1. Using alpha carbons only, how many degrees (0 to 90, rounded to 10) separate the axis of helix 196-209 from the longest principal axis of the chain?
2. List the GluC sites (Glu not before Pro) in region 121-206 that DSSP assigns to loop (not H, G, I, E or B) and whose Cβ has at most 16 other Cβ atoms within 10 Å. Which are they?
3. What order do you get for 317-323, 96-102, 37-43, 459-465 when each peptide is scored by the mean count of other beta carbon atoms within 10 Å, highest first?
4. Calculate how steeply helix 366-378 sits against the longest principal axis of the alpha-carbon atoms of the chain, using the helix alpha-carbon long axis, and give the answer as 0 to 90 degrees to the nearest 10.
5. Computed over the Cα atoms of region 125-205, what is the convex hull's projected area averaged over all directions, in nm²?
6. Can you list, bin by bin at 10 Å, the percent of alpha carbon pairs in the chain, starting at 0?
7. What is the helix-to-structure angle for 337-350, meaning the angle in degrees between its Cα long axis and the longest Cα principal axis of the chain, kept from 0 to 90 and rounded to the nearest 10?
8. Please compute, over every Cα-Cα pair in region 304-489, the percentage with a separation greater than 22 angstrom.
Amino acid sequence: MIRPGQKQDGVADVCLVLEGTYPYISGGVSTWVHQIISAMPDLNFALFYIGAQHEPDAELRYEIPANVIGFEEVYLFDELPKSDRVPSKLGSKAKAEIYASLGSFLEGVQQEGERERFIRFVAEVHGRGKAFSCANLWSDRESWEMLTSIYRHYMEGESFLNYFWSSRFLVQPAWQLIRAVERMPEAKVYHSLCTGYAGLAAAMGAASKGSRFLLSEHGIYVKERVAEVQNAAWITELPKRRPGVFEDLGSFKRLWVEFFKLLGRISYDSADHITSLFGNNKKLQVLYGADPEKIEVIPNGIRPADFEAVVARREANIDPERRVVGFLGRVVAIKDVKTLLRAARLVVDRCRGAQFLIAGPMDEDEDYAEACVQLAEQLDLDRHVKFVGPRQRDEFLEEIDVMVLTSVSEGLPFVIIESFAAGVPVVSTDVGSCRELIEGKGDGFGPAGRVTPIGDPQAIAAALLPLLEDSELRRSAGDAGRARVAASYDQEDVVRRYKELYQAN
């Protein structure tokens, strides 16, 4: 099995550019990545993993398939190498060319052509080799003049010290990527699974190596980062003397939001082709700057035949008295497990025999997971809720009667289509494609569960109770889910369509 940094043997057909996902995080996008690589043994893949900081003890959550021939990593917030912490001395002509490219890029951020301006700046930096370092951006007179000009134009009245350090914090990860482009695996196609830093890296890699760039989004990166910034306590803002009810973001949060929007536009502008999981995601991509003519909707898929044995065992062991709700996923804030626990308390008050099994890793956000355990104790759910840790999917699907998903953000969750394939109905919050999955798009199969608002324990409990108490309702919802998956979410069709994109001229 190939390891990070191991010498690549030949040119890969596809380099997957991955930000904070496969192969160190399980589920979601990582499930899709492993599925695609494994389903195309005749193509060679390479991985370019982008993380926040290097963790020496990080473990791979997947066994890397044999058709992965290259694997490189870059960590955005690791300390810069010494060569980039010391300013290099450049001649005035060379320095003028680099800052002219950077200035053109910064001046054009609200206009067309961000990609061309940014790639020109990257080419200038790489053309000078190590003769230009990150430290030059904080020591050169030309850089200082550019920085203060932006401050006077956009940020005057805010703390210049906060502005200066915010700018440095924005630049370092982008600089790490610029330096890492030369280490990107050679490939015919660079396929990024989001915009953001991964999209930026894929755009630079494809441009520098004359390859094609395919962009896919499971969740809309810009939308998720904007929501994150809005709630970020770590971004310092000066207090407003008279804040309005509908106060806009402060200058520093706007700085971060515009940065992530810019990364999105560079990605969309650079991509030769874009895929989206479902129609509403496509609309958001267009809203954030994607050309609708580039976008193709391709959903996630599974192999329904893989679940036939699970269905048979479930039907052979039907227990009309059993009332088990399952949650299968990471115990992290975005999954809103706390709302699930509050809903569980309401369900148990009405249905005394109800049990809740929460299955999934609890080590990705240990503080949140511990807070969930404590909340379950406070709600006196010890006899009704069990945190069972990571479980085998098929085994877990045999143990439950209803699957629940309380996320505040999703794309097209594998856990829903896998539950459907096993004949398990689903109660889910109205995020991503969940309503479309559960209610269908006029396919005639009927509802395969219930959809609820986000963060509403009462609504979730009200959706769960009828399914727990009525075995015929559970069966009809389970049958609808199985029919919908077979008709619209078959892995063979998904793999075929991506293979065509990979091999397109």
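1. 60 degrees
2. Details: sites: 124, 142, 145, 156, 158, 182, 186; in loops: 186.
Answer in residue order: 186.
3. Working: 317-323: 11.3, 96-102: 17.9, 37-43: 15.6, 459-465: 22.1.
Top to bottom by mean Cβ count within 10 Å: 459-465, 96-102, 37-43, 317-323.
4. 30 degrees
5. Numbers: hull surface 26.8 nm².
About 6.7 nm², averaged over all directions.
6. 4, 17, 26, 25, 17, 8, 3, 0, 0
7. 10 degrees
8. On the way: 6863 of 17205 pairs.
For region 304-489, the fraction of Cα-Cα distances above 22 Å is 40 percent.
Bear in mind these aren't lab numbers, they're just calculated from the coordinates by the rules spelled out. Nothing here was measured: the structure is a model prediction, and the numbers come from that model. For neighbour counting, all protein chains shown are included, and Cβ atoms are generated from backbone atoms with ideal geometry for every residue, glycine included.
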